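To start, the structure itself, in structure tokens.
The values are calculated or read from the model by the stated rules, or taken from the named source; none is laboratory data. From a predicted model like this one, the values you see are computed outputs, not experimental measurements. Here the Cβ positions follow ideal geometry from the backbone for every residue, glycine too, while neighbour counts run over all protein chains shown. When the accessible area is computed, the model is the full protein with side chains, heavy atoms only, and any ligands, DNA or RNA have been set aside. Shrake-Rupley method; radii C 1.70, N 1.55, O 1.52, S 1.80 Å.
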Amino acid sequence: MNLTRIYGLLVLAATLNLAACGGGGAPTTATPGGAPPTSSANAYTGPAPATADVQAFAVSFWNNVRVQNRCGQCHNATTPAQMPNFARSDDVNLAYAQANTVVNLGQPSSSRIVVKVSGGHNCWLADPSACGQILTTWISNWAGAAGAGTSPVQLVAPPVQSVGQSKNFPASSADFEATVYPLLSQYCSKCHSPNASTPQSPYFASNDPNQAYQNAIPKIDLNTPTNSRFYERLLTENHNCWSNCASNAATMLAAIQAFAGMVPTTSVDPSLVTSKALSLTQGTVASGAGRFDANVIAKYEFQTGTGLTAYDTSGVDPSADLTITGSVTWAGGWGINVGAGGKAQASTASSRKLHDMIEATGEYSVEAWVAPALVAADKSYMVSYSGGDTLRNFTLGQTNQQYDFLMRSSGSDLNGMPQLQTPVGGLVLQASLQHVVLTYDPVNGRQMFVNGSAIVVPDPQKGGTISNWDDTFALVLGNEVSMDRSWQGLIKFVAVHNRALTAKQILQNYNAGVGQRFYLLFNVAAVTGVAQGYVMFTVSQYDGASYLFTDPTFISLDPTVTPDNIVVKGIRIGINGTIPTVGQAYIPLNTTVTASAYTSLGEVLSKVGTVIALQSGPLVDQFFLSFDQLGTKTHVTVEASPVPTTPTDLAPVAGIGVRTFAQINSSLSMLTGVPTNQPAVLGTYQAVQQQLPAIPTLESFSSANQVGIAQLAVQYCNVAITTPALQAKLFPGVTFSATLFSSPTGVNQVSSALAARVLGTNLTSQPAASTVTTELGTLINTLCQSAACNSVGRVEAVATAACAAALGSSDMLIN
């Protein structure tokens, strides 16, 4: 208990006659999720808070829980007066004293009240875990306001369990098809099939047995069939029973047991040097530790994992919960996968709190952990607070490999333009998980941060105000509210703050990480002789098919022990009694733990990370470690020799290629002298970028690519020819008059200048200049015959066409 709380409790003890805390009140019951509170708590008329900590408790925690539809309906001072009555409304000081028996300010997520509510006790939402997250936020806010802060994660020794025998899912789906699949395909295909009228993931009842098998694996426990979700859902949750639920559950269990009986048991090699075994959830929760969330007004952690609602766990009422529609599925390890046409949107009524709370401060931040699925995506929106494709307050968007920041202000139009973008050539946006933060305040304007680092770009709106925001808009993820800015990818976290985060706070949140992460402590005490000795990994479910292991660390949980001279060589990660051949990044590891390098946080063995394939799912999969050497114990592992393969001759491919989109844009800029950021050419490039070649092979080139190149070349040439200084450089010595193309001399001047511009010199292989000038001359004459070239405007238009034909040809394109 920290000093602030001790002092507060001593003051209360001296001034109050506290009632006994044991045994009173009605028995506790698990209440199903009900409607959220419709109003704030009643006005308080009792004694004033006795200390600053009581005041922090009142503002951050008590006013939120004492409402009737939350804890106030039971843990009050009237009826049923259930103890501890931390939600009583008559005396904030008495409520504070009782609350201290159920909270942990140092580690809010481990508070007794959080654990109870997360387990289903009196959650006011449909998802108990969401209520637990909200309570954690309120307790964290109380801790921060009171100056208590949060303590480092306290590592907890896991249970000691040996690596046992296990059954592993076979590669073939044949046994599954003969046992469990017939039940799934018959009774579950109305929902859990891609061909269903309303498809619901996972597709374990797909008409493709292989797809069904892969989706069914996480729902089946071969080692303990009664733990299988298919069985539990029927027996205890009465989910989609086709007749009598108990009878149906027994039928499903028999099918799973039959499947399990066909799978041989795997035993770990007893000669291996191994650690003890652990499942993912037996680790110490590491997620969210150390985040700066003091001014969060909307937060989405996507921990529910099922259903059509993504809860706002900021704890700030009203909750702006998101309704999921279209092609959106839940991702393993927390998150949502957004497909084409999908979105998650809050109501306009609940979204209004963003308008009200941000306008009150005049500044804000939008924070997201995202992994774009495409790097060629034009004007697609990840997070938007808007009213349609032409009206918005703010938007985080994507244009190919750039992040976009659109924001309405006194210096913009109603659509938030001009936008702020990461640099065109910087390729900041990557198809990997990235931490993206947008901030705004009237002094610094808009700023963008990616993976903790500022992206330095000038803000054309700097100094504007946001008093013109619209309070009728809605918050939407993965699209526009009008459904015409579809974005595809993974969203693992979103938060909106009503303050501009500082660079230090942004880096703090980036370092805190995202998603469901655990510290797995693999017990090696018996092997090394180090009391409470462990090799610890940070582990998370990376996606629906794999786990991410990072930062192996040797540590003892005994603070009096300092390990020394512990050799660690060749770590392999085992799962379910076997050691996969793929993902073993720690085989080359060769290090020694020494007293001089060891700290209270242990000694990091490697900064390398690796991915291990998921087998049965995070609730079932059991991990262990195998070592070539640990301490004085050794086991020499002889890697199997790779089976030689006979190379296959592929079809011949061209020895030359084509320039890709960025190269084409740069080449046309160099040829014409027009900068790539010139507004007209930049707008055209952004519009046609997806049409330009994305890979450099000739075989992939298409007619659509050529159309895009032609459009971009026309724009570059038009700007160059209508800009006198650029025209003079592109056509030295040529005067553009109404009579320029009335003689062969003028035609030749233009075609020769273009040929000289586009053709190389002293190349081993290059077309003759005459082949280019002849074709361009024919084009100019044909155009002047169709409409007389008797004005400067017409001459410039024909010259633009000839320029685009030359610069947009294969002479420029071939690389």
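Quick notes on this one:
- Rounded to 0.05, the FRET efficiency of the residue 42 and residue 115 pair, given R0 = 41 Å and the Cβ-Cβ distance, is 0.90.
- Approximating the spin labels as points 7 Å out from Cα along Cα→Cβ, the residue 558-to-residue 376 distance works out to 6.1 nm.
- The stretch between residue 262 and residue 451, if pulled fully straight at 0.36 nm per residue, gains 63.3 nm over its current Cα-Cα span.
- Rounded to the nearest 20, the Cβ-based charge dipole of region 518-635 about its Cα centre (Lys and Arg +1, Asp and Glu -1) stands at 200 debye.
- Each peptide in 750-757, 738-745 was scored by the mean count of other Cβ atoms within 10 Å over its residues; highest first, the order is 750-757, 738-745.
- Rounded to the nearest whole Hz, the Karplus-based 3J(HN,Hα) values (6.51 cos²θ - 1.76 cosθ + 1.60, θ = phi - 60°) of region 730-737 follow the sequence 6, 10, x, x, 9, 9, 7, 10, with x at glycine and proline.
- 0 to 90° range, to nearest 10: angle between helix 703-722 axis and the chain longest Cα axis: 60 degrees
- Here the gap between residue 443 and residue 79, fully extended at 0.36 nm per residue and compared with their Cα-Cα distance, gives a gain of 125.8 nm.
- Summary of the geometry: region 397-443 and region 698-752, compared by the centres of their Cα atoms, lie 34 Å apart.
- Taking only protein heavy atoms and a 1.4 Å probe, the accessible area of the chain is 55% carbon and sulfur.
- The chain - Kirkwood radius from inverse mean 1/r over Cα pairs (Å): 31.3 Å
- The spacing between region 361-390 and region 652-667, judged by their C-alpha centroids, is 31 Å.
- Helix axis angle, 503-512 relative to the chain longest principal axis, alpha carbon, degrees: 60 degrees
- Between the amide H of residue 309 and those of 324, distances stay under 5 Å, these residues lying 5 or more places away or on another chain, with hydrogens modeled in the peptide plane.
- Dipole magnitude for the chain: computed about the Cα centre from +1 point charges on Lys and Arg Cβ and -1 point charges on Asp and Glu Cβ, it is near 500 debye.
- Each residue of region 239-245 was assigned a 3J(HN,Hα) from its phi angle through the Karplus curve 6.51 cos²θ - 1.76 cosθ + 1.60 (θ = phi - 60°); the sequence is 8, 6, 5, 9, 7, 8, 4 Hz, with glycine and proline shown as x.
- Computed on the chain, with alpha-carbon pairs under 8 angstrom and 6+ residues apart, the relative contact order is 9 percent.
- Think of region 187-287 as a dipole: +1 on every Lys or Arg Cβ, -1 on every Asp or Glu Cβ, centred on the Cα centre; then among 192, 281, 223, 192 lies furthest on the positive end.
- Taking amide H as placed 1.01 Å from N in the peptide plane, residue 314 has its amide H under 5 Å from the amide H of 299, each at least 5 places away in sequence or on another chain.
- Here's the picture: a label point sits 7 Å out from the Cα of residue 200 along the beta-carbon direction, and within region 315-332 the residues with their amide nitrogen under 15 Å of it are 324-326, 328-330.
- Using θ = phi - 60° in the Karplus curve 6.51 cos²θ - 1.76 cosθ + 1.60, the 3J(HN,Hα) couplings for region 169-182 round to 4, x, 5, 7, 8, 4, 5, 4, 4, 7, 10, 7, 4, x Hz; x is entered for Gly and Pro.
- Positive contributions from Lys and Arg (+1) and negative ones from Asp and Glu (-1), summed over other residues with Cβ under 13 Å from the Cβ of residue 181, come out at -2.
- The stretch between residue 349 and residue 52 holds 103.5 nm of extra length on full extension. This uses 0.36 nm per residue minus the Cα-Cα distance.
- Separation between Cα centres of region 503-576 and region 213-251, rounded to whole Å: 34 Å
- Under a 5 Å amide H cut-off, with hydrogens placed 1.01 Å from N, residue 364 pairs with 440, 500 among residues at least 5 apart or on other chains.
- Label point 7 Å beyond Cα of residue 656 along Cβ direction - residues of region 798-815 with amide nitrogen under 19 Å: 805-815
- Extending 7 Å from Cα along the Cβ direction at residue 645 and again at residue 247 yields two label points whose distance is 5.3 nm.
- Accessible area in square angstrom per residue, the chain, 1.4 angstrom probe: 43 Å²
- Relative protection proxy for 730-736, 515-521, 270-276, 237-243, from highest mean packing down: 515-521, 270-276, 730-736, 237-243 (other beta-carbon atoms within 10 angstrom).
- Label-to-label distance, nm, for residues given as residue 792 and residue 236 (7 Å Cα→Cβ offset): 8.4 nm
- For region 565-613, trypsin sites (Lys or Arg not before Pro) are listed when DSSP marks them as loop and at most 13 other Cβ atoms sit within 10 Å of their Cβ; the list is 607.
- Estimated FRET transfer efficiency when R0 is 22 angstrom, pair residue 634-residue 160 (beta carbons, to 0.05): 0.45
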